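Structure first, commentary second.
Read-outs throughout are calculated quantities, based only on the coordinates presented, and are distinct from any laboratory measurement. Just so it is clear, the structure is predicted and the values come from calculations on it, not from any experiment. Reconstructed Cβ throughout: ideal geometry from the backbone, glycine too, with neighbour counts over all protein chains shown.
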Amino acid sequence: MGFEVIESREPAFGGPGVSMEATETTLGVYESERDAVEAGRQAWRAFRADPSRDVVWWTVRRSGEQLARWIADGHNDVERVLDLTTNELVVVRV
């Protein structure tokens, strides 16, 4: 059981008739959490260099789980993790 990097995307509003359907894509599965987070960071940084107005976020989670171990969104320069003792998202200090 590895760690998945998931990209979730909601298209920017494109006007009448344009699909607003959200998509979820597995970008990769890694043996170590560290490698998965690094892959997520690379995707996040690449998106931030793009002028897209889509709403995009990346998560790292154990394969088959729903609880994210790392999360970042495309329009924010902050990474977060879930503190399991308080159930709060906390900022990652890199």
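Can you sort 93, 61 by how many other beta carbons sit within 10 Å, fewest first?
In order of increasing Cβ crowding within 10 Å: 93, 61.
Give the order of 6, 71 when sorted by the count of other beta carbons within 10 angstrom, beginning with the fewest. Before the final figure, lay out each step's value.
On the way: 6 18, 71 21.
The most exposed by this proxy come first: 6, 71.
Would you mind checking the tilt of helix 33-48 against the longest principal axis of the Cα atoms of the chain, expressed as 0 to 90 degrees and rounded to 10?
Once rounded, the angle reads 20 degrees.
I'd like to compare 52-59, 81-88: which one has the highest average count of other Cβ atoms within 10 Å, and what's the full order after that?
Per-residue mean Cβ counts within 10 Å order the peptides as 52-59, 81-88.
Around residue 56, with a cut-off of 9 angstrom between Cβ atoms, what is the net charge of the other residues, counting Lys and Arg +1 and Asp and Glu -1?
Computed value for this residue: -3.
Arrange the following residues from fewest to most other Cβ atoms within 10 Å of their Cβ: 80, 45.
Ascending Cβ contact count within 10 Å gives the list 45, 80.
Roughly speaking, what % of Cα-Cα pairs in the range 34-86 are separated by over 13 Å, rounded to a whole number?
Summing the P(r) of the range 34-86 above 13 Å gives 58 percent of all pairs.
I'm checking a number: the convex hull volume of the Cα atoms of the range 1-78, normalised per residue, in Å³. What is it?
85 Å³
At R0 = 30 Å, how high is the FRET efficiency between residue 92 and residue 12 if r is their beta carbon distance? Nearest 0.05 is fine.
0.70
Hand me the GluC sites (Glu not before Pro) from the range 1-60 located in a DSSP loop with no more than 13 other Cβ atoms within 10 Å, in residue order please.
Hits after loop and neighbour filter: 21, 31.
Given contacts defined as C-alpha pairs under 8 Å and at least six residues apart, what's the relative contact order of the chain, whole-number percent? Write down the numbers at each step before the final one.
Numbers: 173 pairs, mean separation 24.8, N = 94.
Value for the chain: 26 percent.
Just from its helices, what would the mean residue ellipticity at 222 nm be for the chain, if runs of 4 or more DSSP H residues each count -39500 (n - 2.57) and the sum is divided by every residue, rounded to the nearest 500 deg cm²/dmol?
Result for the chain, helices only: -5500 deg cm²/dmol.
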